[in-house]
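The next block holds one structure in the form of structure tokens; read it before the comments.
The values are calculated or read from the model by the stated rules, or taken from the named source; none is laboratory data. All values derive from a computational prediction rather than experimental measurement. As a convention, Cβ positions derive from the backbone with ideal geometry for all residues, glycine included, and neighbour counts pool all protein chains shown. For the accessible areas, the whole protein counts, side chains as well, though only heavy atoms, and no ligand, DNA or RNA atoms are used. Shrake-Rupley method; radii C 1.70, N 1.55, O 1.52, S 1.80 Å.
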Amino acid sequence: MIIDTHCHFDMMSQPEAYIRQKEQAGDIVIGMTNLPSHFEMGLPHVKRYKHIRLALGLHPLLASENKNELPLFDSLLDQTSYIGEIGLDFSKEGLSTKDDQVFVLRKLLEKLKGKKKIISVHSRKAENELFDLLCVYNIQNVIFHWYTGPIDLIPSIISKGYYFSINEAMTISNKGRAIIKVIPRNRIITESDAPFNNKTDIKEAQINMHITKNEVKNNFMELLSRIK
């Protein structure tokens, strides 16, 4: 069994064929969405699957121009146990919409506070700011997806009970390996971030990390038990 806690199968050229193949293989796949309207469109296509789940998201790079979808996010919240992709992005690509991103994220976290959800977050160049907001709203069960931030923040993230999802690309970069080295083994789960990543082999990622699929499964099941 392969566990992919962060991919975007709705952005693939043949999403239904992809999730059908993953279901037949017995793999667990959590599909992110970038907007609530995307989740609303995709959910009917996913409901019949046992191992495939769709997460409700509002991507930080789309937040500024899609604030009007906040009410839709609220109305769909009870239809899934998975949230993502949400977060902050203060890279060059997102810096101009920083204030809008924070506004939208605060609105999302207000709704998520106290809810039993598994939440996959985007944190590029905004790791400290995102972590602080997660703490302000006392958000639980967070997965930091493709973390590239400061290594000295990792112990604080771990202290909150959060997890990190690791993809193959991280396991073959110097910075990625340095980050992985600091993360306790029981807080590592796996992701592909397909199709936005050209190194998506989760089996290779596990080999490169010297971690077994059973360890990853146990870590994921522990996280899952928190929302039961």
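Annotations
- Taking the stretch 17-32 as the range and being surrounded by 13 or more Cβ atoms within 10 Å (Cβ to Cβ) and either in contact with a strand residue (DSSP E or B) (Cβ under 6 Å, 6 or more places away or on another chain) or part of a helix (DSSP H, G or I) (or both) as the test, the residues that pass are Tyr18, Ile19, Arg20, Lys22, Glu23, Ile28, Val29, Ile30, Gly31, Met32.
- From Glu69, Glu65, residue being farther than 23 Å from Ile227 by Cα, acidic (Asp, Glu) and surrounded by 19 or more Cβ atoms within 10 Å (Cβ to Cβ): Glu69
- Of the helices (runs of 4 or more DSSP H) that lie entirely inside the stretch 77-160, those containing 3 or more residues that are under 23 Å from Phe196 (Cα atoms) span 98-112.
- Residue that is in contact (Cβ under 8 Å) with a residue 60 or more places away in the chain and more than 18 Å from the chain's Cα centre (by Cα), where the choices are Lys203, Lys175: Lys203
- Here the condition is being open to solvent by less than 20 Å² (accessible area, probe 1.4 Å) and either in contact (Cβ under 8 Å) with a residue 40 or more places away in the chain or on the phi > 0 side of the Ramachandran plot (or both); of Leu109, Leu134, Leu130, Leu153, it holds for Leu130 alone.
- In the stretch 201-228, residue surrounded by the most Cβ atoms within 10 Å (Cβ to Cβ) [restricted to those that are polar (S, T, N, Q) and under 22 Å from Ile83 (Cβ atoms)]: Asn219
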